[in-house]
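This report refers to the structure that appears directly beneath it.
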Amino acid sequence: MIFSDSPKEECGVIGIFAPNEDVARMTFFGLYALQHRGQEAAGIAVADGQVMMMHKGVGLVSHVFTSNTMAELKGHYAIGHTRYSTTGSSSLRNAQPFMIESIHGPLALAHNGNLVNSAELRQELMEQGVGFSSSSDTEVMTMMLARNGGTTWEERIKAAMKKWVGAYSLAILTRDCVYAVRDPWGFRPLCIGLLPSGGHAVASETGALQTLGCEAIRDVKPGEVVSLSNNALKVMQALPSVTPSAMCVFEHIYFARPDQTWDGINVHHVRQRLGEELAREVISGLGHGFTDKNGRGVADVVIPVPDSSVPAAIGFSHVIGIPYNDGFIKNRYVGRTFIEPTDSLRKRGVALKFNVINENVRGKRVVMIDDSIVRGNTTGPLIKLLKNAGAKEVHVAITCPPIAHPCFMGVDMGRHEDLIAHKRTIEEIREYVGADSLYYLSVDGMMKAIQRKDGFCQACFTGQYPIPVDLMSVKTGFERGTK
């Protein structure tokens with residue numbers, strides 16, 4: 001996305017076993033429902049019990065696949081992936097799934113997450129004579145599975161999981177089975193459902209499964225391996241789950257579609273409660289620019305930055321007593337394009353992606369609700385758009401705590417030096433972005449909205465990582481010695 005200050009999307013994975021169905025087409029529509037999780041590349045691999053075929057490319061799902069390419073993908077088993085780069089730069093060689101021929105038969109793997117020990121694992125494999133064609137940790141995982149001994153793929157997957165440290169939700173394809181695998185911390189979401197025509201599907205979000213008509217949807221548990229094949233659904237607890245779990249809190253704040261239900265919690269309802277908790281904290285603090293000494297809202301309108309902040313703005317408006325309205329109209333396609341704008345258009349920045357409904361903000365004291373401020377290069381231009389449209393004041397309320405630390409588990413937050421909250425106080429951030437006031441939700445308020453005391457990774461706010469990480473790591477670390 002060219003004009004964005006939000007954390008970059010993760011990835012979306014899907015796997016399907018559907019006998020006598022067009023699994024490639026089903027996978028395509030499942031990926032289409034996961035497109036919001038990554039727009040850089042997409043791929044589908046299909047197996048028919050004997051032969052495996054794959055097609056992948058750079059671009060949106062609808063651009064990568066045509067009727068002709070889909071017609072060549074025949075089989076009963078399929079996995080798919082839509083990608084935003086975390087480990088490994090954005091290029092076709094890093095597109096997923098990864099597919100290889102192994103001594104155990106064909107193998108393909110699609111991965112959402114990031115291994116924190118992938119560089120060490122890669123070095124070990126290279127010392128054993130294994131060559132690599134990409135800079136992705138997903139290829140490392142694929143090569144490890146191909147080299148593992150054991151009489152079954154379940155045994156090989158279990159052996160590899162003992163060495164993998166970090167976030168991974170996987171869809172693995174062999175010639176006659178699809179495997180769903182989730183790391184023991186449960187960082188990334190993965191859910192499974194029963195297809196109406198028989199068979200099963202697994203995906204990063206429940207919305208993709210609902211698109212396919214799935215029923216009896218449940219989460220793949222942390223540390224679990226689920227096999228989808230003619231032998232019916234088979235479940236193996238490969239590794240004990242870590243307690244408490246470390247699910248990514250940003251799934252609820254920003255990444256997931258609002259219809260996603262994860263660990264029994266609906267994302268839309270969480271976002272609405274985030275806005276409600278934010279309003280309560282503003283009221284309890286008093287005098288933050290848009291409340292009077294009694295905590296009553298004295299601004300004129302609450303507007304969201306679309307889309308993830310819409311339910312939060314509704315909740316905020318309800319609690320604080322300031323009317324809600326739309327202020328921004330989002331051009332949903334500019335941020336997904338791979339055609340760079342001209343210099344003159346680039347200077348327009350967020351104006352390419354957002355237009356303001358002038359009549360809704362002119363002469364008004366506006367409270368702008370957003371999900372996060374990461375690098376700080378979008379909030380200021382959004383405020384300027386509102387003031388250029390005639391807003392008298394612009395107060396900013398953020399539905400998460402300040403992001404002061406990078407993520408090593410599959411979310412591109414940037415490095416410490418890239419994060420505006422790592423090097424500035426809230427007052428300094430307010431001055432930098434040009435807001436009349438700025439308020440962040442607290443960590444306690446965030447967890448209250450999620451209705452959990454623990455079980456979620458909060459490292460980007462607190463710096464307390466659930467597993468040891470190399471703070472010097474960068475997402476293109478594999479490539480530094482190869483260029």
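The values are calculated or read from the model by the stated rules, or taken from the named source; none is laboratory data. Just so we're clear, the structure is a prediction, and the values are computed from it rather than from any experiment. Every residue, glycine as well, gets a Cβ built from its backbone with ideal geometry; the counts of neighbours run over all protein chains shown.
Results for (1) without any contact (Cβ under 8 Å) to a residue 24 or more places away in the chain; (2) buried (at least 22 other Cβ atoms within 10 Å of the Cβ); (3) polar (S, T, N, Q), shown as yes or no for each residue.
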| residue | (1), (2), (3) |
| --- | --- |
| Ala159 | yes, no, no |
| Lys162 | no, no, no |
| Leu173 | no, yes, no |
| Tyr179 | no, yes, no |
| Arg182 | no, yes, no |
| Val202 | no, yes, no |
| Gly207 | no, no, no |
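So is Gly186 of a type in the set (Gly, Ala, Ser), under 19 Å from Met236 (Cα atoms), in a loop (DSSP other than H, G, I, E, B) and in contact with a Ser or Thr (Cβ under 7 Å, 6 or more places away or on another chain) or not?
yes
Which count do you get for residues in the range 439-449 that are aliphatic (A, V, I, L, M) and surrounded by 21 or more Cβ atoms within 10 Å (Cβ to Cβ)? Quick ask: steps written out before the conclusion?
Here is the first cut: in the range 439-449, the residues aliphatic (A, V, I, L, M) are 441, 443, 446-447, 449.
Adding the requirement that they be surrounded by 21 or more Cβ atoms within 10 Å (Cβ to Cβ) leaves 441, 446, 449.
Number of matching residues: 3.
Spot the failing condition for Tyr465; the list is (1) touching a His at 6+ places or on another chain (Cβ under 9 Å); (2) in a loop (DSSP other than H, G, I, E, B); (3) surrounded by 21 or more Cβ atoms within 10 Å (Cβ to Cβ), and only one is missed.
(3)
State which residue pairs qualify: first residue under 19 Å from Leu382 (Cα atoms) and inside the range 411-432, second residue polar (S, T, N, Q) in any location, beta carbons under 8 Å apart, and separation of 6 or more residues or different chains.
Arg430/Ser437
Listed here are the residues, each with its yes/no results for (1) touching a helix residue (DSSP H, G or I) at 6+ places or on another chain (Cβ under 9 Å); (2) not aromatic (Phe, Trp, Tyr).
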position	(1), (2)
Glu139	yes, yes
Leu145	yes, yes
Asn148	yes, yes
Ala159	yes, yes
Trp164	yes, no
Ala167	no, yes
Arg175	no, yes
Ala180	no, yes
Val202	yes, yes
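Is it the case that some residue within the range 201-212 is in a loop (DSSP other than H, G, I, E, B), at pLDDT 95 or above and under 19 Å from Glu21 (Cβ atoms)?
Taking the range 201-212 and keeping what is in a loop (DSSP other than H, G, I, E, B), we get 204-205, 212.
Next cut, at pLDDT 95 or above only: 204-205, 212.
Applying the additional criterion that residues be under 19 Å from Glu21 (Cβ atoms) yields 212.
Within the range 201-212, one or more residues are in a loop (DSSP other than H, G, I, E, B), at pLDDT 95 or above and under 19 Å from Glu21 (Cβ atoms).
Could you identify the single residue in Leu190, Leu195 that is aliphatic (A, V, I, L, M) and farther than 30 Å from Val469 by Cα?
Numbers: Leu190 fails: farther than 30 Å from Val469 by Cα.
Result of the check over Leu190, Leu195: Leu195.
Exactly one of these conditions fails for Pro401: (1) modelled with pLDDT under 95; (2) in a loop (DSSP other than H, G, I, E, B). Give me its number.
(1)
Within the range 13-39, work out how many residues are at pLDDT 95 or above and buried (at least 21 other Cβ atoms within 10 Å of the Cβ).
Residues meeting the conditions: 15.
Checking Met1 against (1) modelled with pLDDT under 95; (2) in the same structural domain as Asn112 (by TED's automatic domain parsing), which test does it fail?
In the conditions (1) modelled with pLDDT under 95; (2) in the same structural domain as Asn112 (by TED's automatic domain parsing), Met1 misses (2) alone.
Residues being free of Cβ contacts under 8 Å to residues at least 40 places away in the same chain and surrounded by 18 or more Cβ atoms within 10 Å (Cβ to Cβ): count how many of those fall in the range 256-286.
1
It is to be established whether one or more residues within the range 391-400 are surrounded by fewer than 23 Cβ atoms within 10 Å (Cβ to Cβ) and out of contact with any Asp or Glu (no Cβ under 9 Å at 6 or more places or on another chain).
No; the residues of the range 391-400 include none that is surrounded by fewer than 23 Cβ atoms within 10 Å (Cβ to Cβ) and out of contact with any Asp or Glu (no Cβ under 9 Å at 6 or more places or on another chain).
Scan the range 302-324 and tell me whether some residue there is touching a Gly at 6+ places or on another chain (Cβ under 6 Å), part of a strand (DSSP E or B), modelled with pLDDT of 95 or more and assigned by TED's automatic domain parsing to the domain that holds Val433.
yes
Mind listing whichever residues of the range 192-205 are of a type outside the set (D, E, K, R) and within 12 Å of Gly12 (Cβ to Cβ)?
Val202, Ala203, Ser204
Here are some residues: Val374, Val350, Val433. Which one is touching a Pro at 6+ places or on another chain (Cβ under 8 Å) and more than 16 Å from Gly327 (Cα to Cα)?
Just one listed residue meets the conditions, Val374.
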